[in-house]
Amino acid sequence: MQLVLVSGLSGSGKSIALNVLEDSGYYCVDNLPVKLLQETVQLLRDAGNARVAMSIDARSGGSLDLIPGYLDELKAQGVDVRLLFLDAKDGTLIRRFAETRRRHPLAQGNVTLDECLARERELLSPIAEVGHRIDTSDLYPNALRNWIRELMEVDSRSAVILFESFAYKQGVPLDADLVFDARCLPNPFYDPRLRPSPGSIPTLPPSSSASRRSASFSPTYATSSRPGCPHTRATTAATSPWRSAVPAASTAPCISWKGWPRISAPVAPWSSGTAA
């Protein structure tokens, strides 16, 4: 089992680091009380979780002194423990709090932000030097995400690319990133040979005019839909589902961009008895 503890000053990027680990397949627990650390690790270990990430901050107070001893005990039990401590300059943290208008977790009464940061550093001092320190003062969020991925050696290419066909009469999928209009292709509904087909596989002879047009359409939009975000949904549209199903189904196996997985292309479950 691998356990990653994420700690550091408020505003230094702990949430960003935890989100990166969660997107990479880690079971994440945010703001865990220190005294529950060992029990939670054992519970998750018994449940079969191989990779776990937990966030601990200054709100645990004096119990933070227990963390070094807890980590030694977990290592003795065979747990691969790693501690990430995120830090930043006071000026940077003050600016971030001003931009987000968030309240510091230790803010009470008339205590200033400077005083909160000083108190937080004091509380976190027992673990500040134990783990890997990352200064995020000059890091943009994307740069911090890349640092976390490289440090933890997690796969940054865990992308999901979904090619899906749909019919305009049913509405455009709300989560579509790219939509390609396939209404320029012949409508198979009016061909008695093709009307019963769901469109998941080509049924026309390769030499036919409609087949050639479908074949030329697929590579056109495949080269245009190179994704730029971790989760991309490319859809092909038509007023009849079968017209767009063949390009969607034939394009997915042809994806060969470096680092991107090959996936299937589901056919939209529209009724086969409606004309376009």
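Yes or no: R96 among the basic types (K, R) and under 30 Å from Q2 (Cα atoms)?
No.
Residues of the range 143-155 being modelled with pLDDT of 90 or more and exposed (fewer than 14 other Cβ atoms within 10 Å of the Cβ), which ones?
The answer is A143, and nothing else.
Cβ-Cβ below 6 Å, separation at least six or inter-chain, first residue in the range 120-140 and within 16 Å of S10 (Cβ to Cβ) and not assigned by TED's automatic domain parsing to the domain that holds D65, second surrounded by 17 or more Cβ atoms within 10 Å (Cβ to Cβ) and modelled with pLDDT under 85: which pairs?
From the range 120-140, no pairs qualify.
Show the residue pairs that are 6+ apart or on different chains and have beta-carbon atoms under 8 Å apart, the first residue being within the range 145-156 and among the small types (G, A, S), the second being in a helix (DSSP H, G or I) and modelled with pLDDT under 90.
Once the first residue is among the small types (G, A, S) and sits in the range 145-156, its partners that are in a helix (DSSP H, G or I) and modelled with pLDDT under 90 give S156/N146; S156/R149.
Can you report the number of residues in the range 20-32 which are at pLDDT 90 or above and in contact with a helix residue (DSSP H, G or I) (Cβ under 8 Å, 6 or more places away or on another chain)?
Qualifying residue count, the range 20-32: 6.
For the range 33-68, how many residues are aliphatic (A, V, I, L, M), crowded, with 18+ Cβ neighbours inside 10 Å and in a loop (DSSP other than H, G, I, E, B)?
1
Which members of the range 87-131 meet the condition of being in a helix (DSSP H, G or I) and under 30 Å from D72 (Cβ atoms)?
Residues satisfying the conditions are L117, A118, R119, E120, R121, E122, L123, L124, S125, P126, I127, A128.
Suppose the filter is at pLDDT below 75, surrounded by 12 or more Cβ atoms within 10 Å (Cβ to Cβ) and not assigned by TED's automatic domain parsing to the domain that holds L9; does S214 pass it?
Working: at pLDDT below 75: yes; surrounded by 12 or more Cβ atoms within 10 Å (Cβ to Cβ): yes; not assigned by TED's automatic domain parsing to the domain that holds L9: yes.
Criteria met by S214.
The values are calculated or read from the model by the stated rules, or taken from the named source; none is laboratory data. Worth saying up front: this structure is predicted, and the values here are computed from it rather than measured. Virtual Cβ from ideal backbone geometry, glycine too; neighbours counted across all protein chains shown.
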